[in-house]
1. Hey, does the range 122-130 have a residue that's modelled with pLDDT of 80 or more, aromatic (Phe, Trp, Tyr), under 16 Å from the mean Cα position of the chain (by Cα) and farther than 22 Å from MET277 by Cβ?
2. Looking at VAL173 and the list (1) in contact with a Leu (Cβ under 6 Å, 6 or more places away or on another chain); (2) not hydroxyl-bearing (Ser, Thr, Tyr); (3) not in a helix (DSSP H, G or I), which single condition is not satisfied?
3. Kindly indicate the residue of the range 176-220 that is touching a Lys or Arg at 6+ places or on another chain (Cβ under 7 Å) and in a helix (DSSP H, G or I) and also farthest from ALA145 (Cα to Cα) among those meeting that condition.
4. Quickly run through the range 349-368 and pick out the residues that are at pLDDT 85 or above, on the phi < 0 side of the Ramachandran plot and not in a helix (DSSP H, G or I).
5. Residues to consider are VAL244, VAL300, VAL275, VAL249; find the one that is surrounded by fewer than 21 Cβ atoms within 10 Å (Cβ to Cβ) and either part of a loop (DSSP other than H, G, I, E, B) or modelled with pLDDT of 85 or more (or both).
6. Find the residue count for the range 240-260, including only residues that are farther than 25 Å from THR211 by Cα and either touching a Phe, Trp or Tyr at 6+ places or on another chain (Cβ under 8 Å) or of a type in the set (D, E, K, R) (or both).
7. Could you identify the single residue in VAL403, VAL335, VAL346, VAL378 that is in a helix (DSSP H, G or I) and at pLDDT 90 or above?
8. Name the single residue, out of those in the range 386-400 being hydrophobic (A, V, I, L, M, F, W, C) and in contact with a helix residue (DSSP H, G or I) (Cβ under 6 Å, 6 or more places away or on another chain), that is nearest to ALA182 (Cα to Cα).
Amino acid sequence: MALLAGSIVGLILLGMPLGFAIILACLFVIWIDGGINPVIVAQRLYAGMDSFTLLAIPFFLLAGSLMSASGMTTRLVAFANAIVGRISGGLAMSNIVASTFFSGISGSAVADTSVFGRIFIPEMVREGYGRAFSVAVTAAASVAAPIIPPSIGFIVYGVITDQSIIRLFLAGVVPGVIYSIACLVIAVIISRRRAYPVHPPIGWRDFARVTVAALPALFMPVLILGGIFGGVFTITECSAIAVVYALFVGRLVYRELTVAKFLQCLRETAYLTGVIMIIVGAANLFAWQLAYAQVPQTVVAWMQAVIHDPVFFLLAIGILLLLVGTFMEANAAMVMLVPILHPAGVMLGVDPIQLGVLVVVTLCIGLITPPIGLCLNVACKIGDIPLERSLRDIAPFIITGLVVMAIVILFPQVALWLPNLVMG
């Protein structure tokens, strides 16, 4: 195990992407061992990617990209402004509301940051908001994307642990909404203290016009979540329907989706899908290697000897994941740690769904935690400020994420209530 871990770390330090680092490290360890046919590497890679459920990842990514290219996100922004723009800090609240709506489609925090960063950060700066605050709000709002369904993080976790993805989706709703509401409260408080500008209220006629224009975009989350939880579609079928719906709205309703934009969306989706699927395939190989070396059993035995309380176990996991998530992308971190943490949690009596929510929530906090926080770095680049300038403004949102993490640990029903209510 030490040789495998050292090989992976060494390859990463040399600049190799995580997926390829895992594959080469496992191949090297198998070759050194000499007792296993190296063909197992190709077999486990293929087995890890040979899943009908995983087809949902490229479809959801494509649906989110099409939404952005077809003008659906622009209309969502206008609708959010119409609702909360008149409140102090209304544009910041619009940022959070729009990102929460969009998270139900993209499922990717980085996608949210990229899309809404380009829309909101320049507009907030133009209207008098602090540049660092604009960056912090955008990055923090995007964290809701991997928590609120449909979530690529929950799909990856469900595939690795063989858990119900629908239950995981349901379990993420309440923590995600709590986080988004808390971000809204923070944005209002800071905006009032700094006397940020307020949008003038719009008339009923303008509000009706903006609402009607946004209705096709607003119907997408209803279609997706209603279809999944109503038992009409499977996860994969629903992701494909989301693409068809985005194409229909973008081409025939809004008439903004051109052939050039569509091809660009396909290129972006192909690239992101390739990155994710290589990691998922490597995850299966890595999990097999751990099982062969009996690492999960060893870790479970150690934890049972040291930690007897499930709450303390979850707190320890939360601290570990927060540190890892600060330096590593969420899906990559799940690939490395979930094959070890999941069996340990099960042996200690932790609900796998609660553990899944904790894993995703905590790793999402890492996306906005310095020094590596991917979403925070993306937002800083869009806002054209150095990372250190955003630290004071991002701190309240990081604290909010930690509070949500603590709630999931101490009150399991926050995550389990909705899936138990809907699915029994």
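1. No, the range 122-130 has no match at all.
2. (3)
3. ALA213
4. VAL350, ASP351, ILE368
5. Result of the check over VAL244, VAL300, VAL275, VAL249: VAL244.
6. Of the residues in that region, 1 qualify.
7. Exactly one residue qualifies, and that residue is VAL403.
8. Looking at residues that are hydrophobic (A, V, I, L, M, F, W, C) and in contact with a helix residue (DSSP H, G or I) (Cβ under 6 Å, 6 or more places away or on another chain), I get PHE397.
The values are calculated or read from the model by the stated rules, or taken from the named source; none is laboratory data. Since we're looking at a predicted model, the values are computed, not measured. Reconstructed Cβ throughout: ideal geometry from the backbone, glycine too, with neighbour counts over all protein chains shown.
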